[in-house]
Amino acid sequence: MQDNELPISFSSPTSAVSSEETRVLTEYIHQKNLFRITKQDETLRKSLMLKQFFKLKRNQQVLVTSVIKEATVTNEGKVSTIGRDFVMVTNLKKRIWIPYTAIESATIPFGHPTYSDSQQHYIYDNQLQQKLVLQFGDTVAKREELIRQFFEESLQTNLYSWKDLWVEVKTDQKTHVGKIKNTSKKELFLTRFKKEKVIQLNEVRSLSTVRWFSILRGLIVKKGR
């Protein structure tokens with residue numbers, strides 16, 4: 001280090017007590033504030049509680065139950081993305097987006113641990129803490145996983161980032177299959193072999209990725225009828 005260079009250091013501690021006590025106290029305060037907010041505005045209860053549950057189970061296995069066309073549907077997968085109005089879970093076969101408004105309940109599968117194995121999703125960067133303290137904006141903007149961790153996307157903005165992805169969209173009226181073309185504040189635009197379909201985002205009950213094999217098989221079955 002040259003004489004005219006200042007040493008890089010971190011900010012001072014956020015609390016006078018130990019790190020573990022600070023973490024416990026912070027979590028307690030957050031939970032108390034959450035219940036106070038929901039008590040003042042009952043309409044926020046469902047989305048806030050679901051959001052907090054999924055944040056506590058990030059990268060862990062969950063069971064999400066919803067009702068589509070009066071039928072109960074259960075999706076199991078790891079919590080991947082927690083948005084302002086939706087959650088995305090992933091399994092070996094697909095990604096599944098589920099709006100909070102469509103969720104009836106969410107829990108942990110029987111036999112799975114209630115804690116996360118950090119070694120499975122640790123971001124390997126020895127200087128990450130330093131970068132987040134001193135260059136937060138630039139550091140987060142360069143990593144998709146950090147953007148999703150620090151900022152709550154809406155379903156609309158998240159789907160926009162998956163343009164050209166083939167998906168299956170379920171509403172209470174119909175199931176649609178197509179490629180994501182665009183999104184607006186209220187609508188999702190799908191294309192399928194030059195045909196465009198517009199779906200209202202508030203009607204979406206679930207959305208999942210589909211493979212080309214499934215699409216081709218569906219076309220073959222349709223032609224055979």
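The values are calculated or read from the model by the stated rules, or taken from the named source; none is laboratory data. Computed from a predicted structure; not experimentally measured. Positions of Cβ are backbone-derived with ideal geometry, glycine not excepted, and every protein chain shown enters the neighbour counts. These accessible areas exclude ligands, DNA and RNA; they are computed on the full protein's heavy atoms, side chains included. Shrake-Rupley method; radii C 1.70, N 1.55, O 1.52, S 1.80 Å.
Overview of results
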| item | result |
| --- | --- |
| Estimated vicinal HN-Hα couplings, Hz - region 65-76 in sequence order (Karplus 6.51, -1.76, 1.60; Gly, Pro = x) | 10, 9, 10, 10, 6, 6, 10, 7, 10, 10, 10, 10 |
| For Leu165, residues with placed amide H under 5 Å, excluding near neighbours | Ile180 |
| Region 12-110 shape via C-alpha gyration tensor axes, a/c threshold 1.5 | oblate |
| Potential extension, Arg45-Val67 segment - 0.36 nm per residue separation minus Cα distance | 6.0 nm |
| Probe 1.4 Å - accessible area at Glu76, Å² to nearest ten | 70 |
| Nitroxide proxy distance, nm - points 7 Å out along Cα→Cβ at Ser161 and Thr90 | 1.2 |
| Heavy-atom SASA rank of Met88, Met49 (probe 1.4 Å, accessible area, largest first) | Met49, Met88 |
| Pairs beyond 18 Å (Cα-Cα), from Lys93/Lys195; Lys46/Lys69; Lys94/Lys179 | Lys93/Lys195; Lys46/Lys69 |
| In Å², nearest 10: area of Tyr28 left accessible to a 1.4 Å probe | 130 |
| ³J(HN,Hα), Karplus 6.51/-1.76/1.60, whole Hz, each residue of region 89-97, x for Gly, Pro | 10, 10, 9, 5, 9, 6, 9, 10, 9 |
